[in-house]
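The values are calculated or read from the model by the stated rules, or taken from the named source; none is laboratory data. Note that the coordinates shown come from a computational prediction; the quantities given were computed from them, not determined experimentally. Glycine gets a Cβ as well: all are built from the backbone with ideal geometry, and neighbour counts include every protein chain shown. Protein only, heavy atoms only, side chains kept; ligands, DNA and RNA dropped before computing areas. Shrake-Rupley method; radii C 1.70, N 1.55, O 1.52, S 1.80 Å.
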Amino acid sequence: MAGCVVIIGCQSKPSKVTNNLAQPAIYVHDPHSYAQPNKAVVKHLNLELEVSFEKQQIAGIATWEIEVSSNTDTIIFDTHHLKIDKVTSGTSDEPITFTLGPYDEILGQPLYIPITQGISSIRIFYHTTPESAALQWLQPEQTAGKKHPFLYTQSQAILARSWVPVQDSPGIRFTYRANVKTPRGYLALMSARNPQKVSTDGVYQFVQPKPIPSYLLALSVGVMEFKMLGERCGVYAEPEVLNQAAFELEDMEKMLNAAEKLYGPYIWERYDVLVLPPSFPFGGMENPMLTFATPTILAGDKSLTSLIAHEMAHSWSGNLVTNATWNDFWLNEGFTVYFERRIMERLYGKDYAEMLAVLGHQDLINTLKQLQDSEEWQDTRLKLTLNGRDPDDGVSDIAYEKGYALLVTLEKIVGRKRWDAFLNRWFTEHAFTSVTTEQFVDFVHHHLFRKNSEWDKKSNLHAWIYEPGMPTNYQPPTSVRLDSVAAQAMAFLHGKPATDLSVKNWTSQEWQYFLRQINKQLTADQMEQLDRAFHFTTTGNSEIAVLWFESAIMHHYTAAYPAIENFLKHVGRRKFLVPLYTAMIQSTDWQNRVKELYQHARKNYHTVSCKTLDELLHS
Ligand code: BES
Ligand code: ZN
């Protein structure tokens, strides 16, 4: 790719070098991939997939166009619980003798393929196994329609290798085409140009013309329909939830326009959202051209759509400019939270964005408290050291909220106008490249601090990034609206009847804050009173429900117990499951049956959630 920014050496001093064979790209070392892209690297993927619900298996042929430097005789791919059937060159049927390296629980197995001079493509015949962790195969009863099975993938962080043999590093980009065969009547969707209708023969063609990293490979197959929401936006869902989803996401096109005004043109053609069945382990996943989302954002009043702003913002921070390794994860998420709140500010006003920031600040403080005095305190640095560990261990509110807080700090120091120009430049100059934290630091020094050395001192940049905890110059956000919510919460705790509280026009964020203020101190009697006034137990707002359920578990409010069990049996979103199961372990009401409940619910969860909960519940 001409003109791409290339990272020189492990110290990651960036420089602009044309990536051609005479002067090959030099990639920064990624501790979570076996690939050696400096020797042989993938450029384009032609994927042929056949999806069998009966066998719960994908059979695939991955044809990789590769670029090889002269001094190597092997190309290395990542695999994890894949069965490799055969390898040939892209141009002949003659099998090539490949080897699989030793199995590592986190990284899987390297696939070594010998290459001869002049070879430009490799064809890998393979199939997935029941252990392929990216895949979730849902039974009909786990879907809204209850009639047909459903499949979706989750590749981030290092699970792409469990359904495609790939150089699975966020520092390596490739374009792709795919040909997917499904049983008749099913729709297949990918992180690519997508069909809007079911095909008659069950065959679908996909093109992703822009180079993306492997963690953005995605596929979903099920009985789904599409509804257009605007010129560039639309929503896919099971027919049973499509109308609700379309209503909730009505403002998407407006969001996209707001995002473009902030940080430049949207380059991915369309922005569609797929609302998945409730087992999806995340709130959202920014698969290019097609965000995957949990149905738990369908609150009925558009109150949880900042999550869509978040995934949309990743179209710039993450998908266009990508963290070079998972140690630089905050570059993806911190930037995206910042961008998300700027979009929400544009659409719904400053006070709305301030509420989001204050709730985020509370999350940050809680995370810092949890990690205090533990070995994991080092994980409160923005630049992580996940070498030898599962990158999923680095996923915490630190990357999101401390990252956000750093960017707000810089914005305040240099002023919004200069800051926005800087961010625009960051995205433009690093488009379609992967970046390290060190590159960001250099860029800040070069384009911001060079003009004013006072800013450098004031910012404390080094401490933010390389030291644990919060630097002394952190200024927590404030929100006038949430201050008055806090006053109501105090009044309630001091005996004011629930029905006399001033809660008119409170948004979901205000209710969340209210519950967070009183959560620890409630009694079961007070909960009953609140429930009579506000019907929290039956709320359709998942964020409010989870806070309420947590209190119910802590304070023995038994009237909510059936609703809690029902929620846990259906919803697989990890962020919700962790606090609920954690509260249950500590509750005398639940302690004895929590494991049984989990065993029952577990089959409805994706491996990503299961892994976290297995650790939580077996300790
Ligand atoms: N890319 C993340 C999800 C993710 C992170 C998956 C790390 C695997 C590893 C996505 O953009 C995200 O941040 N989702 C959040 C929602 C957001 C509003 C904070 C989530 O799922 O909770
Ligand atoms: Zn994100």
Fill in the blank from the handout: Counting only protein heavy atoms with a 1.4 Å probe and every protein chain in place, the carbon and sulfur fraction of the accessible surface of the chain in whole percent equals 51
Handout entry: Calculated FRET value between Thr588 and Asp614, using beta carbons and R₀ = 25 Å, to 0.05
Key = 0.60
Problem - Integer Hz, Karplus 6.51/-1.76/1.60 couplings in order for the stretch 414-426, x for Gly and Pro - result: 9, x, 4, 5, 5, 5, 5, 5, 4, 5, 4, 5, 4
Handout entry: trypsin sites (Lys or Arg not before Pro) restricted to DSSP loop in the stretch 162-262 with at most 11 other C-beta within 10 Å
Key = Arg184, Lys197
Completion exercise
Length gained, Asp390-Lys369, 0.36 nm per residue minus C-alpha separation, equals 5.3 nm
Problem - Estimated vicinal HN-Hα couplings, Hz - the stretch 341-358 in sequence order (Karplus 6.51, -1.76, 1.60; Gly, Pro = x) - result: 6, 5, 5, 5, 4, 4, 7, 10, x, 4, 5, 5, 4, 5, 5, 4, 5, 5
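How large is the translational diffusion coefficient of the stretch 31-219 in µm² per second when you combine the Kirkwood radius over alpha carbon pairs with Stokes-Einstein at 25 °C and 0.890 mPa s? It would help to have the intermediate numbers written out before the result.
Numbers: Rh = 16.9 Å.
In µm²/s, the coefficient rounds to 145.
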Completion exercise
One finds the C-alpha centres of the stretch 110-161 and the stretch 520-569 to be spaced, in Å, by 39
Practice task
Grab the beta carbon distance between Thr116 and Gln521, set R0 = 56 Å, and tell me the FRET efficiency rounded to 0.05.
Solution key: 0.20
Exercise for the section: Could you order peptides 72-82, 151-161 by the average number of other Cβ atoms within 10 Å of their residues, highest first? Expected result: 151-161, 72-82
Fill in the blank from the handout: Under 5 Å from the placed amide H of Val166, counting only residues 5+ away or on other chains, we find Asp78
Completion exercise
Once normalised by the length of the chain, the mean sequence separation of its alpha carbon contacts under 8 Å that are 6 or more apart gives a contact order in percent of 11
Practice task
Roll a 1.4 Å probe over the protein chains and send me the accessible area per residue for the chain in Å².
Solution key: 40
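Taking 0.36 nm per residue of separation and subtracting the Cα-Cα distance, what length does fully extending Tyr103 through Phe422 add? Intermediate results must be reported in sequence, preceding the final value.
Numbers: separation 319, 0.36 × 319 = 114.84 nm, distance 4.41 nm.
Net length gain for the segment: 110.4 nm.
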Exercise for the section: Tell me the label-point distance for the pair Arg481, Asp201, using the 7 Å Cα-to-Cβ offset, in nm and rounded to one decimal. Expected result: 5.3
Exercise for the section: Over all directions, average the projected area of the Cα convex hull of the stretch 206-265 and note it in nm². Expected result: 5.6
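Please give the FRET efficiency for Thr558 paired with Lys595, using the beta carbon to beta carbon distance and R0 = 22 Å, rounded to the nearest 0.05.
E between Thr558 and Lys595, to the nearest 0.05, is 0.65.
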Practice task
Please calculate the 1.4 Å probe accessible area of Arg418, with all protein chains present, and give it to the nearest 10 Å².
Solution key: 110
Handout entry: Glu454 accessible area, 1.4 Å probe, all protein chains in place, Å² to nearest 10
Key = 100
Handout entry: 3J(HN,Hα) from dihedral phi, the stretch 278-284, Karplus parametrisation 6.51/-1.76/1.60, rounded to Hz, x for glycine, proline
Key = x, 6, 3, x, 10, x, x
